[in-house]
Amino acid sequence: IEAFNDGYTFDVSDMKPRILAFALNSSNNSEYCVKVVKQMRFKSESDSPPWEGEKDDRLVFFDVEIYPNLFILCWKYENDPTVVRMVNPSADAIESLLTMRLVGFNNRRYDNHILYAAYMYYNNEQLYNLSKKIISGDKNAYFGEAFNLSYADVWDFSSKKQSLKKFQVELGLKHKELDIPWDEPVDEKLWPQIVEYCVNDVVATEAVFLERHNDFVARQILSDIS
C-alpha cells in the first residue's frame with residue numbers, strides 16, 4: 001500500500017492467485033481473508049491508463065452449468081442473437097463480466113454465488129462442491145456480496161413463480177433436456193451438449209424477461225420509491 005501511495009511503479013499481479021488461494025484455505029476466517037486480498041494493490045497505477053470508453057448499459061442475460069470437472073458460462077446482450085460460450089473461464093474473464101448489467105433466472109440464489117466464487121479463483125472441484133451445498137439448501141454456502149451482484153433476477157421479480165422449464169413449455173420456447181449426470185465428471189466429448197443446453201437457457205431467460213416485463217417495470221417503480 002505504501003509503494004502504491006508513494007507512486008512507485010511495480011507489478012506483482014502474478015502472485016495474486018497464490019495469495020488468494022492461501023486466503024481461501026484459511027481455517028479461521030477465509031471470507032475475511034479473501035476480502036483483504038481483494039483490496040490489496042498488486043500493481044501500480046502507472047501501468048493502468050484510465051478507461052476512456054462509454055459505459056455499456058445494455059442488459060446481459062446469463063446462465064451457468066456446473067459439473068465436477070466443468071464450468072460453463074454463457075451470456076448474451078439484450079436483442080443480440082450472439083451467445084458467448086465460455087468453458088472453464090478464468091477469474092479475469094469473470095471480472096470483466098461483473099461490470100455488466102447481469103440478468104438471470106433464480107440467479108440471486110445460485111448463479112451469482114457461482115460467479116462470485118469463480119471470480120475468487122475457485123477451481124472446478126470447489127465450484128462443484130459449492131453448487132452441491134447451494135442445491136442442498138445449505139445456508140452457509142452463500143456469499144453475502146453475491147446476492148446483489150446482478151442487475152435483476154427474472155424469477156425474483158416475476159409475479160408468477162415457476163421454473164424456467166415450465167416457462168419454456170408455456171411460452172412455446174425451445175426446450176432441451178440433458179441425461180448427463182450432474183454429479184459425475186463429464187467426458188470432454190459431451191461438453192458441447194452442455195454448452196448448447198446452457199445457451200438455450202440463456203435465450204429462454206431473455207424471452208421470459210420480455211414476457212414478464214410488466215413485473216420488471218413494477219419492481220423498478222418499487223425500487224425508485226424505496
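Values quoted throughout were computed directly from the atomic coordinates according to the rules given, and no laboratory measurement underlies them. As the structure is a prediction and not an experimental result, all values here were calculated from the model. Using ideal geometry, Cβ is built from the backbone for each residue, glycine included, and neighbour counts are taken over all protein chains shown.
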| task | Could I have the simple spin-label model distance between residue 123 and residue 190, label points 7 Å from Cα toward Cβ, reported in nm to one decimal? | result | 2.2
| message | Quick check: net charge around residue 166, other residues with Cβ under 15 Å of its Cβ, Lys/Arg +1 and Asp/Glu -1? | response | +2
| task | Determine one quarter of the surface area of the Cα convex hull of the stretch 118-175, which equals its mean projected area, and express it in nm² to one decimal. | result | 5.7
| request: Apply the Karplus parameterisation 6.51 cos²θ - 1.76 cosθ + 1.60, with θ equal to phi minus 60°, to every residue of the stretch 202-213 and state each ³J(HN,Hα) to the nearest whole Hz, in sequence, with x for glycine and proline. | output: 5, 4, 5, 4, 5, 5, 5, 4, 5, 5, 9, 4
| query | What list of ³J(HN,Hα) couplings, whole Hz, do you get for the stretch 74-81 from phi and the Karplus terms 6.51, -1.76, 1.60, once you set θ to phi - 60° and write x for glycine and proline? | reply | 10, 7, 8, 6, 4, 6, 10, x
| Summing Lys, Arg as +1 and Asp, Glu as -1, what charge do residues with Cβ under 10 Å from the Cβ of residue 68 carry, residue 68 excluded? | -2
| remark: Cβ-Cβ cut-off under 14 Å around residue 110, Lys and Arg +1, Asp and Glu -1: the net charge is -2
| query | Taking only the alpha-carbon positions of the stretch 97-224 and ignoring solvent, what does the Debye formula give for the base-10 log of I(q)/I(0) at q = 0.13, 0.16, 0.17 Å⁻¹? | reply | -0.62, -0.94, -1.06
| message | I want to make sure I understand the PRE zone here: with the label point 7 angstrom from the Cα of residue 169 toward its beta carbon, which residues in the stretch 190-206 have backbone N atoms less than 15 Å away? | response | none
